[in-house]
1. Hey, among the residues in region 256-295 that are β-branched (Val, Ile, Thr) and open to solvent by 60 Å² or more (accessible area, probe 1.4 Å), which one's nearest to Leu10 (Cα to Cα)?
2. Of all helices (runs of 4 or more DSSP H) completely enclosed by region 42-101, which ones contain at least 3 residues that are farther than 27 Å from Leu312 by Cα?
3. For Ala194, state whether it is open to solvent by 60 Å² or more (accessible area, probe 1.4 Å) and either of a type in the set (Phe, Trp, Tyr) or part of a helix (DSSP H, G or I) (or both).
4. How about region 202-219: which of its residues are open to solvent by 30 Å² or more (accessible area, probe 1.4 Å), over 11 Å from Lys234 (Cβ atoms) and over 15 Å from the mean Cα position of the chain (by Cα)?
5. Of the residues that make up region 12-29, is at least one open to solvent by 30 Å² or more (accessible area, probe 1.4 Å) and assigned to a loop (DSSP other than H, G, I, E, B)?
6. If you go through region 107-162, how many residues are assigned to a loop (DSSP other than H, G, I, E, B), more than 16 Å from ligand 1 (Cβ to nearest atom) and crowded, with 18+ Cβ neighbours inside 10 Å?
7. Mind checking which residues of region 188-216 are within 16 Å of ligand 1 (Cβ to nearest atom) and without any contact (Cβ under 8 Å) to a residue 40 or more places away in the chain?
8. For region 46-61, name all the residues that are open to solvent by less than 20 Å² (accessible area, probe 1.4 Å) and either more than 15 Å from ligand 1 (Cβ to nearest atom) or touching a Ser or Thr at 6+ places or on another chain (Cβ under 8 Å) (or both).
Amino acid sequence: MDTTTALKLLETMLRIRKAELALAVLYRNGKVPCAAHLYEGQEGVAAGICAPLRLDDCITSTHRGHGHCLAKGMAMREMIAEVCGKSSGCCGGKGGTMHLFKPEVGVMGTIGIVGGGIPLATGLGLAMKMQKTDRVAVSFFGDGAANNGAFHESLNLAAVWKLPVIYVCENNLYATSVSVNRSTSVADIGIRGAAYGIPGVTVDGNRVDAVYAAATEAVARARAGDGPTLIECKTYRIRGHFEGDDCLYRSKEEVAEARKQDPIDYWRACLTRTNQLDESAWSALVERVDQEVEEAVRFADESPLPAPREALELTGKP
Ligand SMILES: Cc1ncc(C[n+]2csc(CCOP(=O)(O)OP(=O)(O)O)c2C)c(N)n1
Ligand SMILES: [Mg+2]
C-alpha cells in the first residue's frame, strides 16, 4: 500500500472516531432527537472497505452507520446536522441517524431494520449488472443480521446471478445484549460463503490493512464480473448498543481488554514504525480533524429545524 493510501486510512478512522465522540456529547446534551448507536472501535472496517471504492459505487448501511457514510464520502457537517434533525442535514432533517441517504456519493441509506440493507444492496448489484457497468455495491451489516433470513436469501441470489456485491459482516461480538456465541452456529461467519459457493473470508477488523486487502480483492472480483464475496470483519463494539445502555451483560474488564486492540492506535503505530508518520504529522492531522468536527457541530447547531411545510416535500434541501 502506498503512503498516500495509508495516511488516508488513518485520517478516515480518526474523522469517524472524533465525529462519533462529538455525537455522544450532543446526545448527552439533548441535541439528538433519536437513539444513537455509535461506532467507536469499529472504524477500521468502514475505512478499509470504502478505500478501494469509487464515488459511483454504492453502500447500504445499518443503525450504526455514521462511520460508513463518512468513509464513503458524505460531508461530516451534513451527517451531523441530519443526526440532529436539522434542515441542513443530508435528508433535510427528516431522516435522522437511521435514514442517512446521499445517492450522489453512493450512500444508499443507513437502515434501522436489522438485515434490511442486505437485499437492498443485492438489488443495487442487480441493477448495476443489468446496466452493464462495472460498479460495485457493498452491504454493511452486523453479526446479528447474519442470522436474518434476508442474509441467506441475498447471498444465494447474488451467487446464482454473479452480482457485483460485497457483503461485509461486522462481527462486533454482540447483537444488542446477546453475545454472538449464544446466537450463531459457527465460530467464523465468513465460512458461510461456502454454503453459497462464493468466497468467504474472515479478517481482523481492527487491522485496517487486513480489511483493505480483503476489500481490494473483493472489489476487483466484483468489477471483473466474477460475483459476490462475503467478508467477516471481527471487531468489538466499545460503547453500549445505544447511548445510555448500562451494559450489564458484559464486564468492564472485557471492554478494557478490547480497548487494547484499538484500530487507530494500531495503524498509527504501524505508520510510525515504517517512517510514514512522525509526531508533527500526527499532531497536524489531529488538529485538522478537530477543526472539521468543531465546524460541523457549529454548523448543525446553528442550522434551523425543518419548517413544518417541508414535511410535504420529497427531498431535503440540496
Ligand atoms: C428486523 C429487526 N429486528 C430487531 C430489531 C431491533 N434491533 C435493533 S439493533 C439490533 C441488534 C443488531 O445487532 P447486529 O446486527 O450485530 O448489529 P450491531 O448493533 O452490533 O451493530 C436489534 C435486534 C430491528 N431493528 N430490526
Ligand atoms: Mg453486532
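1. Thr272
2. In region 42-101, the matching helices (runs of 4 or more DSSP H) lie at 43-50, 66-72.
3. yes
4. Asp209, Ala213, Thr216, Glu217
5. yes
6. 2
7. Listed by number, the list holds a single entry, Thr202.
8. Ala46, Ala47, Gly48, Cys50, Asp57, Cys58, Ile59, Thr60, Ser61
The values are calculated or read from the model by the stated rules, or taken from the named source; none is laboratory data. Worth saying up front: this structure is predicted, and the values here are computed from it rather than measured. So basically every Cβ, Gly included, is an ideal-geometry build from the backbone, and we count neighbours across all protein chains shown. The accessibility values were calculated without ligands, DNA or RNA, using every heavy atom of the protein model including side chains. Shrake-Rupley method; radii C 1.70, N 1.55, O 1.52, S 1.80 Å.
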